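The values are calculated or read from the model by the stated rules, or taken from the named source; none is laboratory data. Quick caveat: nothing in here was measured; it's all calculated off a predicted structure. With ideal geometry, Cβ positions are generated from the backbone for all residues, glycine too; neighbour counts draw on all protein chains shown. Protein only, heavy atoms only, side chains kept; ligands, DNA and RNA dropped before computing areas. Shrake-Rupley method; radii C 1.70, N 1.55, O 1.52, S 1.80 Å.
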Amino acid sequence: VEAEEQPEISEEYSVSAVPFFVFLKDGQVVDKLEGADPSSLANKVAKVTGSINPGEAAAPASLGMAAGPTVLESVQDLAKANGSSQMGNQVQTGLDDKIEKRLQQLIDSHPVMLFMKGNPEEPKCGFSRKVVDILKDEKVKFGTFDILSDNEVREGLKKFSKWPTFPQLYCKGELLGGCDIAIAMHESGELKEVFRDHGVDIIGTEQGTGGILEPTGLTANLNSRLQSLINSSPVMLFMKGKPGEPKCGFSHKVVEILKQEKVDFESFDILSDDEVRQGLKVYSNWSSYPQLYIKGELIGGSDIALEMQKSGELKRILTEKGIIKEETLEDHLKSLISSSPVMLFMKGTPDNPRCGFSSKVVNALKEEGIDFGSFDILTNDEVRQGLKVFSNWPTFPQLYYKGELIGGCDIVLELRNNGELKATLSE
């Protein structure tokens, strides 16, 4: 159904974004799903058809790799029949066909494929290292791609997979998840079952295969000393100089990031001890400074720390590790609303709106020459649901000016038509 051309149907089922799925049984609505989410779609179809217990959450791997392809194939066949497959695909990912095809080829290039920072012999972050170690422990053959070497792949894969961080682990073309999910599946034995069920080759047990890489070429005393230094504080920064007087711009950058995140940390001036300076390069398999560690785990250098801060991943890790207090939802919403004088909470992005109402508001703001920030509420269900309660406004988009709610699509269009929009957003 073309949602915007069938307003009666859209209103009946409260359609606010496309694609929108309605699940009916015996003429009754039993479930709904908004947005292109293959795993949720597969899960809901499986529940409605009774193939899994409605009270149980489907295992992430079995869901994406068993039910997912069957459901998606049916949906894609229907889209092709309607001549809308290509357009729908671009709306879903926001990527052109060329990069999407390249990403799919990379994902399918090995039965087990890991997109990571660095390579298996020289991981460039602790999370990538952990997943490499897990795969070696599972004794499976796997391919890798260094996302630090190709920004087009790096940014494109985030949209393609709807997974904003790295590493990303795939099996037979299906995304399993990142570091935390890989660890959980490994510890529960589910990862081994997934590999077995999908015929992934297991490496023989000959010496030198599988297992975890250990630092080499260091004396026992130096190895012990480095471990002690790394673990001397929950957040430990090996830098050039001291926090109050950094001796290089990269060290200064990481110090500022930690201060902005309001993190207590200790530091070690590697210029003061050449044994530590050279030894840590070998120990961490990381050749430059600064080096940031959290709870004994190497995070990376200044570029990675900055990227993680921008994406919110750094705050998430610091919170999960108990280093900073978890931000309440209300605090988070206030922070988001105040992040720009004019702030739009919408479905999709200004360059790729995911519903007609969001698109209309974006166009109205652009026509008036108004600079604005935006947040894609489809990327965070907690924000999406929380904002409805916080603002006492049940639908999206929502437009704010200096922390105050202006309204949704109808109000914005009315203000524009009356010539009042620009004045309202610049008082």
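Which FRET efficiency, nearest 0.05, do Thr219 and Lys325 yield, Cβ-Cβ r, R0 51 Å?
Details: r = 40 Å, r/R0 = 0.79.
Once rounded, the FRET efficiency stands at 0.80.
Close amide-amide hydrogen proximity is noted between Gly173 and no other residue 5 or more places distant or on a separate chain, at a cut-off under 5 Å (H modeled in the peptide plane; Pro and chain starts excluded). Entry comment: accessible area of segment 330-425 is 49 Å² per residue, from protein heavy atoms only and a probe of 1.4 Å. With the highest mean first, a sort of the peptides 172-184, 306-318 on other beta-carbon atoms found within 10 angstrom per residue produces 172-184, 306-318. Our coupling estimate for segment 396-411, obtained by passing each phi through the Karplus curve with A = 6.51, B = -1.76, C = 1.60 and θ = phi - 60°, is 10, x, 10, 10, 10, 10, 6, x, 10, 6, 8, x, x, 4, 4, 5 Hz, Gly and Pro reported as x.
Round to a whole number: what % of the accessible area of segment 128-177 belongs to carbon and sulfur, probe 1.4 Å? Using a 1.4 Å probe with all protein chains present, segment 128-177 comes out at 47 percent carbon and sulfur. For segment 221-321, the fraction of 1.4 Å probe accessible surface lying on carbon and sulfur atoms is 45 percent. 3J(HN,Hα) along segment 252-260: 4, 4, 5, 4, 5, 4, 5, 5, 5 Hz, from the Karplus curve 6.51 cos²θ - 1.76 cosθ + 1.60 with θ = phi - 60°, whole Hz, x for Gly and Pro.
Ranked from highest to lowest mean number of other Cβ atoms within 10 Å per residue, what is the order of the peptides 124-133, 347-356?
On the way: 124-133: 23.7, 347-356: 19.1.
The peptides rank, most packed first, as 124-133, 347-356.
Projecting label points 7 angstrom from Cα along Cα→Cβ for Gln385 and Asp137 puts them 3.2 nm apart. Remark: the Cα gyration tensor places segment 315-423 in the prolate category, a/c being 1.5 or greater and a/b exceeding b/c.
Carbon-plus-sulfur accessible fraction, segment 330-425 (probe radius 1.4 Å, protein heavy atoms only): 46%. Between the alpha-carbon centres of segment 404-423 and segment 276-336 there is a gap of 41 Å.
Which order do Arg102, Arg154 take by accessible area at a 1.4 Å probe, largest first? Can you show the working numbers first?
Working: Arg102 80, Arg154 35 Å².
These residues rank, largest area first, as Arg102, Arg154.
So, in nm, how far is label Asp180 from label Thr395 when the simple model puts each one 7 Å beyond its Cα toward the Cβ? Label-label distance for Asp180 and Thr395, simple model: 3.4 nm.
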